[in-house]
Each structure stands twice: as C-alpha cells, then as structure tokens.
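Everything on this sheet refers to the single structure shown next.
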Amino acid sequence: MAPKKAKRRGGASEGGSSNVFSMFEQSQIQEYKEAFTIIDQNRDGIISKDDLRDVLASMGQLNVKNEELEAMVKEASGPINFTVFLTMFGEKLKGADPEDVIVSAFKVLDPEGTGFIKKDFLQELLTTQCDRFSAEEMKNLWAAFPPDVAGNVDYKNICYVITHGEEKEE
C-alpha cells in the first residue's frame, strides 16, 4: 500500500502558503539578500529602526525623524527578517503595473515611436504635474537613468527596471 500524501493546506488562490522565494529568480534573491545584509547593520538577522537610521546616515540622510523610521518598520506585520523583507518587496512589485502598460503610457509622450523622450520634457512633466518630483528625486532619476549625449532618456529601460528591479543585460 502506497503511503498517503500530505494534504495541501491553503492553496495560492486562498492567499495562503505560497512560497515567497518562488516569486523571484535566484539572482534577484541574492541581490535582495545583499541589500538585507547591508541594511541589517548590527547583523542580528532583523532590520530595526536603528538599522534603518544607520544605513540612511551612511547614505547622507542624517536627520530622519523617529516617526518616519517607525512608519517604515510598521509596514511589516512583525520583525523584519529576510523572508519578511523579501515578502515586502514581492508585495511592492505586485502593485506595479505590467511593463507593457507603463511602456504604453510613455509612448503617448513619444509620438515618433523612438523609444526615447527628451530629458528636459520629462523633467518638466515630472516636476510640474500631479505628484511632483522634488529636485532630489530628479537628481536620483538622472543618476539611475542618465540621458544620452543628445539629452534623450531611454524610457523602455526605465519601465524594465520599474517592473523587474534591475537593468537589462545588453
């Protein structure tokens, strides 16, 4: 007589025990692990307010309010170990629109279909419309996605990074 198989509890459709590690490729998990290790300044396996304060200070943000740190930590349902950290990223990425939807939105701004938008035009839109970008956010955007020598920004690359979390291998 064959041994009985264990019954599965709570399938993925019930929001139950889907494995967070299956949401990411191995290379992404490794990158998130490296990020977690950098943030976990005291190396206790849990990201705390003090860890966040220390890592933000190391990046030049020295006057972060305690309430802001508290809000960051409270985004998790409990202590932030690596599995919780990975789950939080999975939830954030799940909320992003699919890549083709984001590309389509950019295509409205690119009537010639070149795949590029002028930096000045994009900056004007992002700093004057809806949820306006601050000067710091614009600086970060151009650091992450520098325009070419003609001042063009590759919006397809931006869309890829928004939905996949890393640049395409050329």
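A few points about this structure:
- Greater than 31 Å apart at Cα, pairs in K65/K156; K65/K92; K74/K119: K65/K156; K74/K119
- Ligands, DNA and RNA are left out, and with a 1.4 angstrom probe the accessible area of region 28-162 is 64 Å² per residue.
- Residues whose placed amide H lies under 5 Å from that of I80, excluding near-sequence neighbours: I47
- Region 32-162, relative contact order [Cα under 8 Å, separation at least 6], %: 19
- Total charge dipole magnitude, region 55-170, about the Cα centre, Cβ charges on Lys, Arg, Asp, Glu only, Debye to nearest 20: 200
- Excluding same-chain neighbours fewer than eight residues apart, the aspartates and glutamates reachable from K118 by a Cα-Cα span under 13 Å are D110, D148, D154.
- Region 34-170, accessible surface, carbon-and-sulfur percent (1.4 angstrom probe): 54
- Projecting the Cα atoms of G151, I80, L141 onto the dipole axis of region 63-170, where Lys and Arg carry +1 and Asp and Glu carry -1 at the beta carbon, places I80 farthest toward the positive end.
- Solvent-accessible area of C130 with every protein chain in place, 1.4 Å probe, in Å² to the nearest 10: 130
The values are calculated or read from the model by the stated rules, or taken from the named source; none is laboratory data. Keep in mind that what you see is a predicted model, and the values were worked out from it rather than measured. No Cβ is skipped: glycine too gets one built from the backbone with ideal geometry, and neighbour counts run over all protein chains shown. Just so you know, the surface numbers come from the protein's heavy atoms only, side chains and all, with ligands and any DNA or RNA stripped out. Shrake-Rupley method; radii C 1.70, N 1.55, O 1.52, S 1.80 Å.
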